[in-house]
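J.: Please see the structure below; I have some questions.
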Amino acid sequence: MATRARKTKSDYTTSPYKGHPGQWSWILHRITGVAIILFLFAHVVDTAVVGWGPEAYNRVLRAYENPIVRLLELGLVIAVLYHSINGVKITLIDFFPNLTRYIKPLSIVTLLIFLASTGIVTWIMLGQAIDLLRA
């Protein structure tokens, strides 16, 4: 007779994946971390083009004047903002484990700080991208 595995309960719901703020935070932290690493790789490659001479490097730099590339840079900045702000929350919880009792309020504060900073950065960077389109 086969033995059934006993279902374990999550601290928050009967199912382990119901969209708790900590789960979304974990997923977004991993996604933004991967995005930042991919940009870092691309940045190393585009900087290495300088070895092929100034003309090749200047061609790469001209690509950054493209409004679509500016939007990708905005995405990168948003990823860095989220990753760093969420990283501070994670660090605080690591150093002060009693803060886990306040994970929901901490997540809300983290989200509010992220949204406020993203709004400001988006306003600035989209303004620059629009200026490129007008030029």
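The values are calculated or read from the model by the stated rules, or taken from the named source; none is laboratory data. Note that the structure is predicted; figures quoted are calculated from it, not measured. When we count neighbours, we look across all protein chains shown, and the Cβ atoms used for this are built from the backbone with ideal geometry, even at glycine.
J.: Which of the residues belonging to region 32-49 are hydrophobic (A, V, I, L, M, F, W, C) and surrounded by 13 or more Cβ atoms within 10 Å (Cβ to Cβ)?
T.: Those that are hydrophobic (A, V, I, L, M, F, W, C) and surrounded by 13 or more Cβ atoms within 10 Å (Cβ to Cβ): A35, I36, F39, V49.
J.: Would you mind stating whether V77 is surrounded by 12 or more Cβ atoms within 10 Å (Cβ to Cβ), among the β-branched types (V, I, T) and at pLDDT 85 or above?
T.: yes
J.: I've got another one for you. Would you check which residues across region 43-85 are under 11 Å from the mean Cα position of the chain (by Cα) and farther than 27 Å from L133 by Cα and list them?
T.: The answer is Y82, H83, S84, I85.
J.: From the list I78, I120, pick out the single residue that is part of a helix (DSSP H, G or I), in contact with a helix residue (DSSP H, G or I) (Cβ under 7 Å, 6 or more places away or on another chain) and within 30 Å of H20 (Cβ to Cβ).
T.: I78
J.: Hey, G87 hits all of (1) in contact with a helix residue (DSSP H, G or I) (Cβ under 6 Å, 6 or more places away or on another chain); (2) under 21 Å from H20 (Cα atoms); (3) small (G, A, S) but one; which does it fall short on?
T.: G87 satisfies all of (1) in contact with a helix residue (DSSP H, G or I) (Cβ under 6 Å, 6 or more places away or on another chain); (2) under 21 Å from H20 (Cα atoms); (3) small (G, A, S) except (1).
J.: As an exercise: evaluate N66 against (1) closer than 28 Å to H20 by Cβ; (2) modelled with pLDDT under 90; (3) of a type in the set (S, T, N, Q) and give the number of the one condition it does not meet.
T.: (1)
J.: Next question, about the same structure. So T100 fits all but one of (1) closer than 21 Å to L38 by Cα; (2) loosely packed, with under 14 Cβ neighbours inside 10 Å; what number is the exception?
T.: (1)
J.: Pairs under 8 Å by beta carbon, first residue farther than 17 Å from H83 by Cβ in region 32-53, partner among the aromatic types (F, W, Y) and assigned to a helix (DSSP H, G or I), six or more apart or different chains?
T.: Matching pairs, first to second residue: V49/Y57; V50/Y57.
J.: Next question. Testing Y57 on (1) surrounded by 12 or more Cβ atoms within 10 Å (Cβ to Cβ); (2) touching a residue at least 40 places away in the same chain (Cβ under 8 Å); (3) more than 30 Å from Q23 (Cβ to Cβ); (4) out of contact with any Pro (no Cβ under 7 Å at 6 or more places or on another chain), one condition comes back false. Which one is that?
T.: The single condition Y57 does not satisfy is (2).
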